[in-house]
Structure formats: C-alpha cells, structure tokens
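Report on the following structure.
The values are calculated or read from the model by the stated rules, or taken from the named source; none is laboratory data. Remember, it's a predicted structure, so these values are computed and weren't measured experimentally. FYI the Cβ positions are ideal-geometry reconstructions off the backbone, even for glycines, and counts take in every protein chain you see. To get the accessible areas, we keep the full protein, side chains included, count just its heavy atoms, and leave off ligands, DNA and RNA. Shrake-Rupley method; radii C 1.70, N 1.55, O 1.52, S 1.80 Å.
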Amino acid sequence: MPTSTIYTLIKQLLTKKATNPFPVKYTPNNMHAAASLIESGDLTINPPVELPPDFRGKLSYDVDACIGCQLCLKVCPAEALVFKSEERKVKHYVSRCTFCAQCANICPKDCFEMTEEFLIAGLDKYSDDMILNP
Amino acid sequence: MSDKDTTYQVPIGPIHPALKEPFMINFRLDGETIVDAEAHPGMNHRGIEFMGMHRNPLKVIPLSERICGICSIVHQHMFTTAVEHAAGIEPTNRARYIRTIMAELERIHSHVLWAGVAAHEIGFDTHLHFTWKVREKVMDLLEYIAGNRVNYSMWTIGGVRRDITEKMYPKVNETLDYYESLYKKLEEIFLGDPSIRLRTKDIGILTEEEALRLCGVGPTVRASGVKKDVRIDQPYAAYGDLDLDYVIPSRYGYENTGDVFSKTLVRLKELVQSIDLIRQCVDQMPEGDIDSEPKKAVLLNKLKKADGEGIGRIEAPRGEAFHYARLKEGQEELDCWKIRASTYNNLTTYAPMFMGEQIADIPIIAACIDPCIGCMDRAEIVEINSGERYSYTHEELHVLSVEKTKKILEGSL
C-alpha cells in the first residue's frame, strides 16, 4: 500500500532515533582530528545515554583502607588484581578487569567501589591511569 | 552413464555467509536437491572447561557467562545450580523468582533475535532491522536490572547478587506491555506474510518420530509436537509454582508439522508465554533475602569443604542444556566441569531436515534450530608433544571402546 508506506516514512522522519549518536552526531573520517577539536572546544560531545542504576564502571580503590587480606584475589575471574607483598596492598590492571564487582562484594573493608566512569579506552594499557595503585 | 553416481559434494563452512559461526556441513547433491548432509563440528573449541577446572567456583561464574554471547544467563544459571547441587546449598526463595524473571527476559531477547536472523536468511533484511530494534527494549530492561547489557554478572552460588525491587516493577511492566502490543505485528509479519509462508511452510520437516529418535530439544522438537520442556518435566527455580504448558502448534490450531513455519510459530508463542510467566513471577514474588550466604569468604570455605557432584538442567531458549560439576574435599578448584549445550543435540536433527530440500533452503534450515556453535564446541583432542589437533569419529571411538574391553578382559589394564 503506497499510502501506508508514505505515512510510515513521514512518521520515521519525525520520531526520535532508536540509537544515540555518540560521541558526535556525524562521525568524522578522522577521529584524532575530532578529538583535538573537542579539546579546543570547537566540537561538542553528544551526551551518552543515561547509565542504569548501580552501573559497574571503572573500579576505585581505597589504598589506605586496605588491610591486605587477599580475599579479592580469590574471586577475581580475570586475575586483574595482583598482590604487592612488600607493601601488603593490591595493584589493579583496569585493562584486564571484567567489571563483575565480585571484589567489591567480598572486601571486608569495602575498599573497592564501582564508579560510573566508562570512557576508559587508552592506547597504553600500562599507563598510570590504567593501573590502580601502580 | 546411467549407472554412474551423478551426485556431487558441496562443503559449506566453516566460514560461510550462510552460517554465522564457524561450523561445517558437507552436502551431497543431486542437481539442486540435497541427498545427504553431514555435520562437522569442532571449529570453535576454546578450552573453557579446562580453564574452569583451574579456578574456584566463584571465579568460574563470570567465565561461564562468556560461553555464549546470547545465553549468558542460561550458562550461569546451569553452573550455579550444578555447584549448589554438589555442595548442598539451597538458593533462597526470592532468588528463585528473580532467576526465573531474568531467564524469561533472556528468552524474549533470544527469540526476537532469532526471528531477525531467520528473516535475514530468507532475504527480508527490513525485518532483521525491525526485530533487532525492538530487541533493544528488553536489552535496556536487562541493563536496568543487572547493570550491564550482555554479561549480567547477576548469579552467585546460593542466590542472586541484585534484587528486583518494587521500584523496578513499573519499568518491567512497561517493557512487557510493549512486547504484548508488538506481538500482533510480529505475528502478522512471520505467520501472515504470504512470501515468508512460501519460504518456511513445508521446508525442513522434522517428523515427530525423527525428533524423538534423534533426541532433539527445545522449540526444534516442540514444533514437531513432542512434549518436551524441562520447565515442566523437572521444574527448577520458580517454575514449579507457575502456571505453564507445553508450547506446541496444535495448541493454537495449527498442525504439528515440524517445518520451519511451525518452529517460528513455537518461538513466537513462547514470547507470549514468557511475558505471562514474568507477570506471574512479579505477582507472586516472595519477601526475603536474595542470597543464602552473603559472606562470600564463608561460602568459599564451604565450597572447599564440599565433596560431591551435581548437575544443573535448564530449558534454555534453544532447548534443554546442562552443566555437570564435581567438587573434591580440600580442593578449591572444580574437580570436573562438563557442559552440554542444546545445539549439540539439535545438530543431529539437521540430517532429516536437509534431506530432499534445495540448496537455496540451506541457510534457513541451518538457522531454524537457532544454532549456537560457541556453546556447543566442547571437545577436541590435542597431542601435547606434537601439537596436532583432531577429533574422533564414532567408528574410531567404537573401535577404541572395544579394544578397552578386550584389554580389561585380558587383565592388561
């Protein structure tokens, strides 16, 4: 039916898109150039979709509260946590983390918390912001 | 010329546009007609069971989710049930209901996804985009409940890690209403459209006798009229308290033909059933704890002391699947872990379904059992010294088995 097709097409033009264009509405050919444009403020980022409640993002680690009981190492499925024996604290590799939050559940001192940060891609997985308590 | 064999062989896979996953089928063709089909699995072995046997059960839960990209709930559900069975831990009542809700939400998502794949295989890409767009709604709900879109990390041994509170009910109801209103349109597209009917009706027929003989599972055999559903036959989680019946085509006034059309019908009707089951769960949700052992360090100790074996049988969206786990006293790691996914059973049903069909029907018949090779490929033999990889055929295994009996009888083993 041509009439119903035309009606659907017009409706689709006016309705909000199901996908959220992120980080910018029209993806440029050169992402690096776009990143520098964003830094200088010439390009604004399209906001990401709203996060669900209790979203599991990048881990935060409270070094001072940690007592070095090593329970978190027992439940980390990706072995993203490494024990530093001289310091009696743990080191967390963000690039290995699977964001399951089992360490946050088992910790008796609640030193781990899942933050809402999810833009954590980087070029160097051993850089300082990709390792907690390096 | 006439006494010569005029058939020829066409291998499809492991990499082929008709198949989404690495898997191989060898076809023998006479002109355009398929006279023989032979499935060759074993291209996607990742050694997950072996990895699991070097970790403690709590570490294996996130690993088991990653067996399959679609049934991540199914695999964690089976694994935790198996370990609970082995260690004698009971999940709490409320956890059973939350598990049921999540499992049914995943069934909705899996069946809608399958409908899109099936439409794509017969050339209706608009339907693929439509179904995958509407699937986002249930993915959003799963993300809202579990905090993640695909790997939910929701299960733990003895319960679940996140609660479905009353605050979440409006969103759950809204999504269910959405799918209820959408069902009419899906039915119109997949059951009413004449061109889809032409491509699916009387194609890939699996008779009831063949379905029973080949031990197929799930919607694949329910479409042939076989009453087989673990949720009713051996209720787990909260299914024992719920009101549900086998979804077979004759219940809705159709014939139990077992063709692609009835498989589509069964999957669409299961969508409605899932909506109904979630509504029942939300209504009957009991109060109480969601986890029988919130102190995970205590749980780890308990699991270390446990000794025994257990199985977890689940009706996955694709059919029955199970996990087997064995725990040994004094050992933190699993002693044994075995996975049998539903596609493994359903692969055998390929042979009668392909017989007599045309080459152009291969993609839709291959897709109609909703194959998941990532779940299925579990065994491969690797010679550690030479690095050689192979798998045994049935005949070779039979010869080995006979030889072993002989050796035992002779007393050399």
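Considering only Cα-Cα distances, which of the following residue pairs are longer than 20 Å: A:Lys74/B:Lys328; B:Lys228/B:Lys263; B:Lys137/B:Lys201; B:Lys59/B:Lys304; B:Lys133/B:Lys185? Over 20 Å Cα-Cα: B:Lys137/B:Lys201. For chain B, a simple Cβ point-charge model (Lys and Arg +1, Asp and Glu -1, everything else neutral) yields a dipole of about 1060 debye relative to the Cα centre. Electrostatic tally near B:Ala306: other residues with Cβ closer than 12 Å to its Cβ, Lys and Arg +1, Asp and Glu -1, net -1.
Shape class of chain B from the Cα gyration tensor (axes a ≥ b ≥ c, square roots of the eigenvalues): oblate, since a/c reaches 1.5 or more and a/b does not exceed b/c.
The C-alpha atoms of chain A define a longest principal axis, and helix A:2-14 lies at about 50 degrees to it.
Exposure check, 1.4 Å probe, all protein chains in place: A:Cys100 carries approximately 10 Å² of accessible surface. Annotation for segment B:281-385: GluC sites (Glu not before Pro) lying in DSSP loop with at most 14 further Cβ atoms inside 10 Å of their Cβ are B:Glu287, B:Glu329, B:Glu383. When the trypsin sites (Lys or Arg not before Pro) in segment B:1-66 are filtered for DSSP coil states and for at most 14 other beta-carbon atoms within 10 Å of their beta-carbon, the remaining sites are B:Lys4, B:Arg46.
Each Cα pair under 8 Å and six or more residues apart adds its separation to the average, and for chain B the resulting relative contact order is 25 percent. Computed over segment A:1-130, the convex hull of the alpha-carbon atoms projects to a mean area of 12.9 nm². Using a Gaussian network model of chain A in which every pair of alpha carbons under 10 angstrom is joined by a spring, one finds that among A:Gly41, A:Gly57, A:Gly122 the greatest mean-square fluctuation is at A:Gly41. Here the alpha carbons of segment B:89-204 define both size measures, Rg and Dmax, at 17.0, 53 Å. Ordered from longest to shortest, the equivalent ellipsoid semi-axes for segment A:1-49 are 34, 11, 8 Å, each the square root of 5 times a Cα gyration tensor eigenvalue. Am I reading the B/A interface right? What is its buried accessible area, both sides, 1.4 Å probe, to the nearest 100 Å²? So the total buried area for this chain pair works out to about 1700 Å².
When Lys and Arg each count +1 and Asp and Glu each count -1, what net charge do the other residues less than 13 Å away from B:Asn346, Cβ to Cβ, add up to? That works out to +2. Excluding ligands, DNA and RNA, the accessible surface per residue across segment B:274-372 is 39 Å² with a 1.4 Å probe. Averaging the sequence gap over all C-alpha pairs within less than 8 Å and six or more residues apart, then dividing by the number of residues, gives segment A:1-49 a relative contact order of 40 percent. Of the solvent-accessible surface of the protein assembly as shown, computed with a 1.4 Å probe over protein heavy atoms with every protein chain present, carbon and sulfur atoms account for 54 percent. Accessible-area loss of 20 Å² or more (1.4 Å probe, protein heavy atoms, chain alone versus all protein chains) is found in segment A:42-86 for A:Pro52, A:Pro53, A:Asp54, A:Phe55, A:Arg56, A:Leu71, A:Lys74, A:Val75, A:Pro77, A:Glu79.
Across segment B:3-133, Cα pairs under 8 Å and at least six residues apart give a relative contact order of 12 percent.
For B:Asp30 and A:Asp64, the FRET efficiency from 1/(1 + (r/R0)^6), where r spans their Cβ atoms and R0 equals 60 Å, is about 0.20. Largest accessible area first, the residues A:Met31, B:Met154 order themselves as A:Met31, B:Met154 under a 1.4 Å probe with ligands, DNA and RNA left out. Rounded to the nearest 0.05, the FRET efficiency derived from the C-beta distance between A:Glu39 and B:Tyr8 at R0 = 41 Å is 0.10. So, in Å, what gap is there between the alpha-carbon centers of segment B:50-94 and segment A:55-134? What the calculation gives is 23 Å, centre to centre. Can you tell me the orientation of helix A:31-40 relative to chain A, as the angle in degrees between its alpha-carbon axis and the longest Cα principal axis, to the nearest 10? With both axes taken from Cα atoms, the answer is about 80 degrees. When the helices of chain B are scored as -39500 (n - 2.57) per DSSP H run of n ≥ 4 and the total is divided over every residue, the value at 222 nm lands at -14500 deg cm²/dmol.
Projecting label points 7 angstrom from Cα along Cα→Cβ for B:Glu174 and B:Lys227 puts them 4.1 nm apart. Inter-chain neighbour count for B:41-54: the average number of beta-carbon atoms from partner chains within 10 Å of each residue's beta-carbon is 0.
Working note: Debye formula, equal point scatterers on the alpha-carbon atoms of the protein assembly as shown, no solvent; log10 I(q)/I(0) at q = 0.06, 0.09, 0.12 Å⁻¹ is -0.35, -0.79, -1.32. In segment B:5-39, whose amide N lies under 19 Å from the spot 7 Å out along Cα-to-Cβ of B:Val150? List them in ranges. Inside the label zone: B:19-23.
The trypsin sites (Lys or Arg not before Pro) of segment B:224-270 meeting both criteria, a DSSP state outside H, G, I, E and B (loop) and at most 13 other C-beta atoms within 10 angstrom of the site's C-beta, are B:Lys227.
If you take the beta carbon distance between A:Ala121 and B:Val298 as r and set R0 to 51 Å, what does 1/(1 + (r/R0)^6) give as a FRET efficiency, to the nearest 0.05? So the FRET efficiency works out to roughly 0.85.
Modelled this way, with points 7 Å down the Cα-to-C-beta line, the labels at B:Gln234 and B:Asp307 are 2.5 nm from one another. Note on B:156-168: average number of Cβ atoms from other chains within 10 Å of each residue's Cβ is 1.
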